[in-house]
Structure formats: structure tokens, C-alpha cells
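Down below is the structure, laid out as C-alpha cells.
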């Protein structure tokens, strides 16, 4: 049995919107590995019970089960060293880890604040109540209240992207001349937003916008072909 990859989807199987799953999908394409994509929804916990937890991404490779996007990336590089590296060596891996952590602590929460209320409209009907009730319980307010003042929060996001902007003014990708894990980590967030929200996160003259365009065109247009909004 080959590689199988459980990834979060909305009402349609082609609406893939987990930032973490997008990282893994792009990593698999980068490695040039054949895999079976298995669409998964929030309330289908029993389908991944074998993984010992209730979240995706989940990767299976024969009898091996790997969870967490970073752990999956490490597994892919260690198990398939003859394929293009996701990190590019120990020191580059450390930098990729830093960018991943920065993205998860700065970029992802900022985008979450902007698009969360748009997500329920794109979920399968069996997931809507679960998603709304679990998130609103965690936040202590409605999704709509949480996403209020979008213009202010959008301006804050664009300021927070300054490190990316400065880097991409000097080189085409975060990893250098070609994309790698650092790019996949950040692009996963933008693919998530594109899948569920019509909000334009970036100005067309932004270096981050141009980079995102290149990333959507990568791997035969993997990101651009996914179901989502114009960006």
C-alpha cells in the first residue's frame, strides 16, 4: 500500500482549506511522490481514530502513521532522501522551523481573525453546527463578533507581513531561488484563506502577492486549480 493522505475539505471535496494540510500536499508534490488524497471532514473522527487523535493531516505509508505537518515533512525527507529535499540541510532546516513557528504564531492567527466567519458557508452541512459551536465556545463570542473591524485587522496583517516582504524583494522564494518547506508553510495559510473567503488579503503591488502568484502556479498550478476565490 502506498502513501495515503487525509486532508480537510469543505462541502466539496475540491475545497481544501486546512493550512496544515496544504503544507503537506505541497511537500508531497515537491518530493514528486504519488499519493492517494482522502477527503476528510470535521465530524468524521472515527475515520482517523487509528492515528490516536482527531485532527488532520494524517499520512499513512504502508503500516506507518504520521501526524502533524512538521513531523510529516521530517518523515518524508528522512524516508525519501533520493527525492528533492524539503529543508536543504541541517542549518536550512533550522531556519525553516523558525519560519514555520513565526507563521503559526503571527500570520496564521491574523488571517484567522479575518476569515473565520466566512468558513461555515463552505462546510458540509454535517460539520456546520460542530464548527460554529466549538469555535464560539473557545472564543467566548460569535464568529461574526470575532471577525468585526476587518479593515483594522487587515491593515495589521499587512504590517505583520513586512519580514516576508523584505525577503521577497531580494529573492523569488523564502527558501531562495526555488520553493521549499519555508514557502509551503506560509503559502498553506494563503491557500486556506483563498478556499473559504472572498477577502483580498494582499495588494497587487505587494511583493508577497507576486510570491503567492508564483506559489499558486507551482507544481502544475496545484494551488490555483483548487476550489476557491479569486485573489
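The values are calculated or read from the model by the stated rules, or taken from the named source; none is laboratory data. These figures come from a predicted structure and were not determined experimentally. Glycine also receives a Cβ, built like all others from the backbone with ideal geometry; neighbour counts cover every protein chain displayed.
Annotation for segment 173-183: at least one member residue is touching a strand residue (DSSP E or B) at 6+ places or on another chain (Cβ under 7 Å), farther than 17 Å from residue 105 by Cα and surrounded by 12 or more Cβ atoms within 10 Å (Cβ to Cβ). If the condition is being within 17 Å of the chain's Cα centre (by Cα) and in contact (Cβ under 8 Å) with a residue 40 or more places away in the chain, then segment 88-99 contributes 96, 99. From the list 138, 170, the lone residue that is surrounded by fewer than 18 Cβ atoms within 10 Å (Cβ to Cβ), part of a helix (DSSP H, G or I) and not assigned by TED's automatic domain parsing to the domain that holds residue 74 is 138.
Conditions tested, residue by residue: (1) in a helix (DSSP H, G or I); (2) in contact (Cβ under 8 Å) with a residue 24 or more places away in the chain; (3) touching a helix residue (DSSP H, G or I) at 6+ places or on another chain (Cβ under 7 Å).
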| residue | (1), (2), (3) |
| --- | --- |
| 179 | no, yes, yes |
| 184 | yes, yes, yes |
| 192 | yes, yes, yes |
| 202 | no, yes, yes |
| 205 | no, no, no |
| 228 | no, yes, yes |
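Selection of segment 134-151 for residues being more than 23 Å from the chain's Cα centre (by Cα) and within 23 Å of residue 55 (Cβ to Cβ) yields 137, 140. Within segment 48-74, the residues that satisfy the criterion of being in a helix (DSSP H, G or I) and either surrounded by fewer than 16 Cβ atoms within 10 Å (Cβ to Cβ) or under 17 Å from the mean Cα position of the chain (by Cα) (or both) are 49, 50, 69, 70, 71, 72, 73, 74. When residue 220 is tested against the conditions (1) assigned to a loop (DSSP other than H, G, I, E, B); (2) on the phi > 0 side of the Ramachandran plot, the lone failure is (1).
Here residue 107 clears all of (1) in the same structural domain as residue 11 (by TED's automatic domain parsing); (2) closer than 30 Å to residue 198 by Cα; (3) touching a helix residue (DSSP H, G or I) at 6+ places or on another chain (Cβ under 8 Å) except the condition numbered (1).
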